[in-house]
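Enquirer: Once you've had a glance at the structure underneath, I'll fire off some questions.
The values are calculated or read from the model by the stated rules, or taken from the named source; none is laboratory data. Computed from a prediction, not measured in an experiment: that's the story for all the values here. Here the Cβ is made from the backbone with ideal geometry for all residues, glycine too, and neighbour counts use every protein chain on show. In case anyone asks, the SASA skips ligands and DNA or RNA and just uses the protein heavy atoms, side chains included. Shrake-Rupley method; radii C 1.70, N 1.55, O 1.52, S 1.80 Å.
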Amino acid sequence: MSPHLNRALGPWQLMFTGLSAMIGSGWLFGAQRAAATAGPAASLAWLLGAVIALAIAGVATELGGMFPVAGGMVRYANLTHGPLVGFMAASANWLSIVSVVPVEAEASVQYMSSWSFPWARGLYHDGVLTPPGLMAAAVLVVVYFLLNFWSVRFFARFNAMITVFKLVVPAATALALMASSFRAGNLVGDGAGGFMPYGLSGILTAVSTSGIVFAFNGFQSPLNLAGEARNPARSIPFAVLGSVVLATVIYLLLQCAYLGAVRPGAGGWAGLSFSSPFAQLAIAFNLNWLAMLLYFDAFLAPSGAGATHLASSTRMTLGMQRNGTMPDLLGRIHPLYGVPRPALWFNLGVAFIFLFCFRGWGILASVISVCTVISYMMLPIAALALRRTLPDRLRPVRVPAMRVVGALAFMFSSLLLYWARWPLSGDIILLMLMFLPLYAWFRRHEGWARHRAAFRHAVWFMAYLPTIAALSYGGSTAFGGRGWIPYGWDLAVVAVVSLLFCEWGVRSAVPVPDVSVMDAQDDVPSMEGH
């Protein structure tokens, strides 16, 4: 088997992978869920989410420019802090991406359930997919798989073609709804509890769990496909930052359109419930042409995102194999098409498991969002650590004031985890710790000296997770805690604690990183595209 991927992706194609991953099912449901959690202040939640995403993405572009390798997002922590921290961060990251694949299929089927046909209405009931709905979603997951089965060039061309359409439809939806029925007073909170009916905590929780972090998570796709970029130094920052900015504009338009079109009833914004929000609003305003377009896009938009996340998670699996925490079989690359097909099959199986365990978009989106936050944490730590240990390494992208930007990015990640509310924050942290036996099995043949070294570089991270869980449990009731720390003070405590752990984490890095594992020839793709 050839070990080479193909450098076939230009800057626009790479950006389209990020944009396609961001504008998937999130645009179909994100505005409704954000409004239910934050009310009219949901627009502020999107802006805050964009600022946090840009801070974290900016740090990530420096790492991606230094090491443009396949599955980069799961390899940086392994380089800077050894295999134990690397495995924990990689597991959270991979989990947050591969689980998006079934959620995109669920979104399509959920929108389909609002069709007027009797068989369609039987696909979704009481917030979850029915058995026929699950089968329909499973077929869509297989379609995503087939789009990735051949060359990355084939996938990129398909993705670029549909991404343009995916930009036009959300923008047209927002403008059409604003033209048909727009109550400007809704945006500032006239009635229904005012502008912030659920307080500041509602805005912060909306960022973490209503689909905002879930939506912006797509910026990772260009980083994970960096090993297949023709000019990584130019393409990566253009793709990552450009996709975040464009997605922010689209999501703000959609949020304003939803807020202006809906009249909340006695239950307020949280009492509104739609199985297919924008399509049902279009029908209510006699915009039948828009409803038909939305039903079509409900297949196309999630399909593009699902295929992109499957491509990204497959490269993550390949990266974890390069880290030594996945079987060698999953590192094989097809000699003709340059696609890691065994890893692709593996991720297909995992996607099916998630599909049948979490049968509703909202349920799985919340879980993904918190896993995503944990995966973000190692990016600023790794970037700051490499500024200390590899100061002379060529950095095609160099973030200014990295000490400040990196510390803020880690603090934001910690706050996002806290904002997710107890017990969800604690449940996901427990899930991360449950991966440790798997790590022990993969590294079982190594000597005690190497295990001890790996643990020494991981002590800070192993202490960090239960500390944040304890703060979440004892924090203010506004975020689901016991109320031992008053509201307001809890945010300050989490921020300060996170900055202390950030410094500890940076100082715990490997003194001399082995860059040969990142510069290895098996990650230098051939130039031909098949």
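Enquirer: How big is D, in µm² s⁻¹, for segment 180-313 by Stokes-Einstein at 10 °C and 1.306 mPa s if Rh is the Kirkwood radius over C-alpha pairs?
Expert: So the translational diffusion coefficient is about 91 µm²/s.
Enquirer: Rounded, prolate or oblate: which fits segment 303-357 when a ≥ b ≥ c are the square roots of the eigenvalues of the alpha-carbon gyration tensor, with rounded for a/c under 1.5 and prolate only if a/b beats b/c?
Expert: Cα axes put segment 303-357 in the oblate bin.
Enquirer: Excluding ligands, DNA and RNA, what is the solvent-accessible area per residue of the chain at a probe of 1.4 Å, expressed in Å²?
Expert: On a per-residue basis, the chain sits at 35 Å².
Enquirer: One quarter of the convex hull surface, Cα atoms only: what value does that give for segment 1-138 in nm²?
Expert: Value for segment 1-138: 12.6 nm².
Enquirer: With a/c under 1.5 counting as rounded, go ahead and sort segment 173-223 into rounded, prolate or oblate using the C-alpha gyration tensor (a ≥ b ≥ c being the square roots of the eigenvalues; past the cut-off, prolate if a/b is larger than b/c, else oblate).
Expert: Working: a/c = 4.53, a/b = 1.36, b/c = 3.34.
Since a/c reaches 1.5 but b/c is at least a/b, the shape of segment 173-223 is classed as oblate.
Enquirer: Accessible area of MET292, 1.4 Å probe, to the nearest 10 Å²?
Expert: That residue has around 130 Å² of solvent-accessible surface.
Enquirer: Calculate how large, on average over all directions, the projected area of the Cα convex hull of segment 436-507 is; give the answer in nm² to one decimal. Present the calculation step by step, with values, prior to reporting the outcome.
Expert: Details: hull surface 23.7 nm².
Over all viewing directions, segment 436-507 projects a mean Cα-hull area of 5.9 nm².
Enquirer: Share of the chain's accessible area from carbon and sulfur, percent, 1.4 Å?
Expert: Carbon and sulfur: 69 percent of the exposed surface of the chain.
Enquirer: Which helices pass in the chain if a helix is a full DSSP H run, must span at least 20 angstrom along its long axis by Cα, and must have mean Kyte-Doolittle hydropathy not below 0.0?
Expert: Sorted by number, the helices that extend far enough and score high enough are 42-66, 76-98, 131-149, 152-180, 232-261, 288-323, 341-357, 361-376, 402-419, 459-474, 489-507.
Enquirer: Could you give the spread of the C-alpha atoms of the chain along their three principal axes, from largest to smallest, in whole angstroms?
Expert: Principal axes ranked by extent give 66, 57, 41 Å for the Cα atoms.
Enquirer: What is the projected area of the convex hull of the Cα atoms of segment 88-142, averaged over all directions, in nm²?
Expert: With every direction weighted equally, the projected area is 4.2 nm².
Enquirer: Moving on to the next point. Return a whole-number percent for the relative contact order of the chain, with Cα pairs under 8 Å and 6 or more residues apart as the contact set. The partial results should precede the final answer.
Expert: Values: 1000 pairs, mean separation 169.1, N = 530.
Over the chain, the number comes to 32 percent.
Enquirer: Using the Kirkwood formula on the Cα atoms of segment 8-77, what hydrodynamic radius do you get, in angstrom to one decimal?
Expert: Its Kirkwood hydrodynamic radius stands at 14.3 Å.
Enquirer: So how do 436-442, 489-495, 11-17, 208-214 stack up, highest first, on mean other-Cβ count within 10 Å?
Expert: The most tightly packed comes first, giving 208-214, 11-17, 489-495, 436-442.
Enquirer: Another question, then. Suppose only helical runs count, i.e. DSSP H with n ≥ 4. What mean residue ellipticity at 222 nm does that imply for the chain under -39500 (n - 2.57) per run, divided by all residues and rounded to the nearest 500 deg cm²/dmol?
Expert: Details: 25 runs with 367 residues, N = 530.
When only DSSP H runs of four or more count, the value is -22500 deg cm²/dmol.
Enquirer: So for each of 477-485, 45-53 I average, over its residues, the number of other beta carbons within 10 Å; can you give me the resulting order with the highest mean first?
Expert: Descending mean neighbour count gives 45-53, 477-485.
Enquirer: What whole-number distance in Å separates the alpha-carbon centres of segment 444-498 and segment 32-86?
Expert: 19 Å
Enquirer: If a/c stays under 1.5 just call it rounded; otherwise compare a/b with b/c (prolate if a/b is bigger, oblate if not). Do that for segment 433-475, with a ≥ b ≥ c from the square roots of the Cα gyration tensor eigenvalues.
Expert: oblate
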